[in-house]
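Undergrad: Encoded as structure tokens, here's the structure I'll be asking about.
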Amino acid sequence: MVAATPRDVIHIRLASFVLFVAIALGALSLIAGATIPAVILGVVVVVAVVDVILAVRRQRRLGTGPRSTG
């Protein structure tokens with residue numbers, strides 16, 4: 001287990017919710033033929049994934065678990 005800061009936990013949870021909603025709305029946009037909202041939601045998905053990756057990396061760097069570097 002890696003010790004987590006509250007900020008990282010919030011980033012991971014909110015970003016996962018944003019990912020779920022953005023993917024669902026993006027799929028609906030593509031089905032409806034609305035390409036501009038689908039592209040915007042695709043960018044939102046990429047930003048959310050990057051946020052989760054950075055939060056997990058911060059956790060591992062700050063934590064004391066077996067996967068941390070500290």
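The values are calculated or read from the model by the stated rules, or taken from the named source; none is laboratory data. Values in this document were obtained by computation on a predicted structure and should not be read as measured data. To get the accessible areas, we keep the full protein, side chains included, count just its heavy atoms, and leave off ligands, DNA and RNA. Shrake-Rupley method; radii C 1.70, N 1.55, O 1.52, S 1.80 Å.
Undergrad: Of all residues in segment 9-59, which are open to solvent by 100 Å² or more (accessible area, probe 1.4 Å) and not aliphatic (A, V, I, L, M)?
TA: 13, 17, 20, 57
Residue-wise test of (1) over 12 Å from the mean Cα position of the chain (by Cα); (2) small (Gly, Ala, Ser); (3) assigned to a loop (DSSP other than H, G, I, E, B).
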| position | (1), (2), (3) |
| --- | --- |
| 16 | no, yes, no |
| 41 | yes, no, no |
| 50 | no, no, no |
| 54 | no, no, no |
